[in-house]
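Everything on this sheet refers to the single structure shown next.
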Amino acid sequence: MDKNTTRQIICTAIRDTLHAMNTCKDLDMIIVTPDKDEVLLSYGDKALRVDIQDIPEEELPRFLIAKINYEQKMTLNDYQHETLRTGKEVGVIESVMGMCEEIGEVVGKINKATFRGHDADVEELIDELGDVLWYLSITAYNAGVSLESVAKLNLAKLKLRYPDGFDIEKSKHEEE
């Protein structure tokens, strides 16, 4: 297969995957450089250049989705809105239990890396933290509050409690 055909196959696979995963709806253009070292994406008013020389072709769509999502600005409320696409029917008990389960997985990964000599895998940790955030988002939705409200109220509480930053002595005397 010649380089142009290979690049076209890569572009088609990337475009199909991005559309199927409902990512980058306003994707205008995908270009794979002739040496297949970079992918150039144009979407909306943004452009993204991504070095792909060490990424296996079958991993390209997932890798590019991660890069696009990283580059896009998202509020907590935007995130919560997106989570409802897959979690609107999840009830409060299930969302709290799921969050606890995912927190346990985060604890397990940190425990293994800290005390058992396992390699710390940041990508796996990010995956698990994302699952915690998803369940937190659904739990907040079930409580009728936005994630942004939860975050703002938490920061306000902490600023009142620790106006000069965290103080371990003050934390010993705080009310529960």
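Can you list the helices (runs of 4 or more DSSP H) lying wholly within region 99-176 that have 1 or more residues being under 21 Å from Thr86 (Cβ atoms) and open to solvent by less than 70 Å² (accessible area, probe 1.4 Å)?
Qualifying helices (runs of 4 or more DSSP H): 122-143, 147-161.
Could you say whether any residue in region 67-77 is out of contact with any helix residue (DSSP H, G or I) (no Cβ under 7 Å at 6 or more places or on another chain), surrounded by fewer than 16 Cβ atoms within 10 Å (Cβ to Cβ), modelled with pLDDT of 75 or more and not aromatic (Phe, Trp, Tyr)?
Yes: region 67-77 contains one or more residues that are out of contact with any helix residue (DSSP H, G or I) (no Cβ under 7 Å at 6 or more places or on another chain), surrounded by fewer than 16 Cβ atoms within 10 Å (Cβ to Cβ), modelled with pLDDT of 75 or more and not aromatic (Phe, Trp, Tyr).
Do we find that Asp16 is charged (D, E, K, R), open to solvent by 50 Å² or more (accessible area, probe 1.4 Å), out of contact with any helix residue (DSSP H, G or I) (no Cβ under 9 Å at 6 or more places or on another chain) and modelled with pLDDT of 70 or more in this structure?
Considered against the rule, which asks whether it is charged (D, E, K, R), open to solvent by 50 Å² or more (accessible area, probe 1.4 Å), out of contact with any helix residue (DSSP H, G or I) (no Cβ under 9 Å at 6 or more places or on another chain) and modelled with pLDDT of 70 or more, Asp16 comes out as no.
Just checking, which of Glu58, Glu82 is over 28 Å from Leu147 (Cα atoms), at pLDDT 70 or above and among the charged types (D, E, K, R)?
Glu58
The values are calculated or read from the model by the stated rules, or taken from the named source; none is laboratory data. Treat the numbers as computed from the prediction; the structure is a model and nothing was measured. Positions of Cβ are generated from backbone atoms using ideal geometry, with glycine treated the same way; all protein chains shown enter the neighbour counts. All accessible areas refer to the heavy atoms of the entire protein, side chains included, with ligands and DNA or RNA removed. Shrake-Rupley method; radii C 1.70, N 1.55, O 1.52, S 1.80 Å.
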